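Enquirer: Got a structure for you, written out below as structure tokens; questions coming shortly.
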Amino acid sequence: MVVPYDGQTFASLRMNALQNGRLFKDPRFPASDKSLFYQNNRIGDVIWKRPQELCDNPRLFVDGISAHDLNQGQLGNCWFVAACSSLASQEVLWRKVIPDHKNQVWHNTSYAGIFHFRFWRFGKWVDVVVDDRLPTVNGKLIYCHSNDPSEFWSALVEKAYAKLCGCYEALDGGNTADALTDFTGGVSQLINLTEIATKNDGENSKELFERVLKVHNRGGLISCSIKVTNTNNMEDKLPSGLVMGHAYAVTDVRKVKLGRGLMATLKSEKVNMIRIRNPWGQSEWTGAWSDSSDEWKQVSKSEREAMCVVVQNDGEFWMNFDDFITNFTDLIMCRLINTSHVSLHKTWDEVLVRGSWRKDKNAMRNRAGGCANNKESFLQNPQYMFKVKKSVDEVLISLQQKDRVATEKEEQRQNLAIGFDIYRVELNRKFRMHAPQQKVGGSTYMNSRSVFQRTDLKYGRYVVIPTTYDANLEGEFLLRIFTDVPCHCKELTADVPRRTCCSCLCGSYPSLVTQVHVLKAEGLAVEASETSTLHFMSIKRPFLLLFLFYIICIWRVCADYNPYVIISCEGVKVRSIFHQRTRSPVFDTKAVFYRKKLNQPISIEVYSHNMMRDTFLGLVTVSTESGDIEETLQLKENANSGANTLPGTITIAVVSSAMLNGI
């Protein structure tokens, strides 16, 4: 779904301009200093001109669209230009950002001085309308421009993005990850290359290259940079030709075949390579595999042509991936998440929820608790429960805050430091978590517009808690969760079971909450029954008896133990996933019960999942009258106190609270 930005609809505005016989002038983003700066003009005498005033034959594209079209102007937005360079290399993506490009031209009857572009913002594609008046000084564009003076797609896309962000100055210093997300609707991940380079681990390098190659091959956008520790070093040029604090676009990733002719085919020796572009259009890497280095002699002419290797200072160059990791510090990968069910590639199920951090003096209503360092208020934040239905599933989680750059108040333009934690909870949890449980993952807290985490989670139920770093900060956020199968995500809003007139009158409202944690079992086995023995002894034919005895022995040896547990309390049952081929399973399964009949014990039964019929392996019962417990119990045949014991033990932990919001 595409929504018009600020209520401006492209088709109706263009029609009005054509009917009035006047070129469109955008009242929401006027040709004035207000659209350039937050406060004062720091450039000089700016004159806004339409493209036909700058050249004889203005066009959106000249000979198609390319990463080489872009040049950064007098604005510190290399991050945006780098993202545009990546965008230009993916036709299916730039066609979304630049819709109806064949109709957006200057020389036809529909030209009205109006253009429109689309960006993905906070869960929606937004259509941004602009007029084609561009800021110039001395007759030249002062911001982003193409090498060809008659090509204007980059300048107009930049203007539309500046309008979306508030003004051109809002683009002075930004985050490439944000622009990549806005161009694609994907999720961006920041990877610290310094950690990989420090480990000097070839396996980690190969694994990362495969991930980068996969993202590139599936149409994702990639950027990189060299972090500065001192602002005085910003955009300093290193002896290697690379520039510090500068955003580069990754325009190609591939395994390059070494050697020539038949020898190259026989040897199959390859080197991992990555191609990078400097938004300045010049200043390139001077090390191994630079444009004119001797390493290219190892590559055949046909291979070089396929890689578009050009010996000229155009800002684009190749690097060995190991050199890339050593010289760059940050890598941003924007994954395009495939949610189509008609696809040859992996398909993800997406959940998208909008929420907000809102402070309140009442702790029960407060939803601005800050990070886990704020122990008293952390769990007051919004909580979202989701399920993992596979034994192990790859889960992608992205948290994005609503952009604050466009605000007129300077103190509110900075993004909040945001992040999230993931907790594994009981299989039947329906109410908010009131005590920290097993933390299984989370993001790093950053004052960026979005944070991302990829993690592998095992079967169970989880709660993700998105927060600001400091408590009592307010803002809106967008939470996206991607899993292999639907995760049924929903917000946990109720703290405890709801009181009803019936429950109050009948005294059936819970008075105790109990959490049962089944940790593990050991030494499980199935005992042969006397009934089976008598049955076989009653068989008259000895050869048939021997044959059946042989079959039973084989079955005994080959049968797999696939144990699982069922936790029961007051008619409520919670079943774990079964564990394959083990007599000592680590269940790590939790259940929570809001109890009305405290004299009824909790039952924990152990079964083995089989193809024909599940086998009962034993049970234990627990009374919570003695308080919280953690112990290992012997399995029994039934719940009677004098029941026969069965092989195996089970280790459990039980915690109860008279306060229903105590767990």
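The values are calculated or read from the model by the stated rules, or taken from the named source; none is laboratory data. Values in this document were obtained by computation on a predicted structure and should not be read as measured data. All Cβ positions, even for glycine, are placed from backbone atoms using ideal geometry, and neighbour counts span all protein chains on display.
Enquirer: Hey, can you tell me all the residues within the range 191-215 that are under 20 Å from Ser443 (Cβ atoms) and either outside the structural domain of Phe324 (by TED's automatic domain parsing) or not aliphatic (A, V, I, L, M) (or both)?
Expert: Asn192, Thr194, Glu195, Arg211 - these are the residues of the range 191-215 that are under 20 Å from Ser443 (Cβ atoms) and either outside the structural domain of Phe324 (by TED's automatic domain parsing) or not aliphatic (A, V, I, L, M) (or both).
Enquirer: Still on this model: Can we say Pro497 is touching a Phe, Trp or Tyr at 6+ places or on another chain (Cβ under 8 Å), surrounded by fewer than 16 Cβ atoms within 10 Å (Cβ to Cβ), in a loop (DSSP other than H, G, I, E, B) and modelled with pLDDT of 90 or more?
Expert: For Pro497, the condition - touching a Phe, Trp or Tyr at 6+ places or on another chain (Cβ under 8 Å), surrounded by fewer than 16 Cβ atoms within 10 Å (Cβ to Cβ), in a loop (DSSP other than H, G, I, E, B) and modelled with pLDDT of 90 or more - is met.
Enquirer: Among Ala179, Ala155, which is the only one that is in the same structural domain as Phe29 (by TED's automatic domain parsing) and in contact with a His (Cβ under 6 Å, 6 or more places away or on another chain)?
Expert: None of the others qualify; the one that does is Ala155.
Enquirer: Give the range 310-328 a look and list any residue that's within 21 Å of Val212 (Cα to Cα) and surrounded by fewer than 19 Cβ atoms within 10 Å (Cβ to Cβ), or say none.
Expert: Across the range 310-328, the qualifying residues are Asn320, Asp322, Asp323, Thr326, Asn327.
Enquirer: Also: When you look at Val215, is it surrounded by 15 or more Cβ atoms within 10 Å (Cβ to Cβ), aliphatic (A, V, I, L, M) and not in a strand (DSSP E or B), yes or no?
Expert: Yes, satisfied.
Enquirer: Let me ask something additional. Among (1) over 24 Å from Arg429 (Cβ atoms); (2) touching a strand residue (DSSP E or B) at 6+ places or on another chain (Cβ under 9 Å), where does Asn610 come up short?
Expert: (2)
Enquirer: Filter the strands (runs of 3 or more DSSP E) completely within the range 374-447 down to those with at least 2 residues that are modelled with pLDDT under 95 and surrounded by fewer than 17 Cβ atoms within 10 Å (Cβ to Cβ).
Expert: The qualifying strands (runs of 3 or more DSSP E) are 384-401.
Enquirer: Out of curiosity, is Val92 hydrophobic (A, V, I, L, M, F, W, C), surrounded by fewer than 16 Cβ atoms within 10 Å (Cβ to Cβ) and out of contact with any Pro (no Cβ under 7 Å at 6 or more places or on another chain)?
Expert: yes
Enquirer: Continuing with this model, one more query. Only one of Ser268, Ser283 is at pLDDT below 80 and within 36 Å of the chain's Cα centre (by Cα); which?
Expert: Exactly one of Ser268, Ser283 is at pLDDT below 80 and within 36 Å of the chain's Cα centre (by Cα), namely Ser268.
Enquirer: Ok, one more. From the list Met364, Met319, pick out the single residue that is assigned to a loop (DSSP other than H, G, I, E, B), of a type in the set (A, V, I, L, M, F, W, C) and modelled with pLDDT of 90 or more.
Expert: The conditions single out Met364.
Enquirer: A further question follows. Run down Pro135, Pro149 and say which single residue is under 30 Å from Asn41 (Cα atoms), touching a residue at least 24 places away in the same chain (Cβ under 8 Å) and assigned to a loop (DSSP other than H, G, I, E, B).
Expert: Criteria check complete, one pass: Pro149.
Enquirer: Hey, another quick one. Answer yes or no as to whether Ala288 is of a type in the set (A, V, I, L, M), under 26 Å from Ser443 (Cβ atoms) and assigned to a loop (DSSP other than H, G, I, E, B).
Expert: no
Enquirer: Does the range 586-593 contain any residue that is in a loop (DSSP other than H, G, I, E, B), without any contact (Cβ under 8 Å) to a residue 60 or more places away in the chain and at negative phi?
Expert: No: zero hits.
Enquirer: With the checklist (1) of a type in the set (Lys, Arg); (2) touching a residue at least 12 places away in the same chain (Cβ under 8 Å); (3) out of contact with any helix residue (DSSP H, G or I) (no Cβ under 7 Å at 6 or more places or on another chain) in hand, flag the one item Arg449 doesn't pass.
Expert: Single failed check for Arg449: (3).
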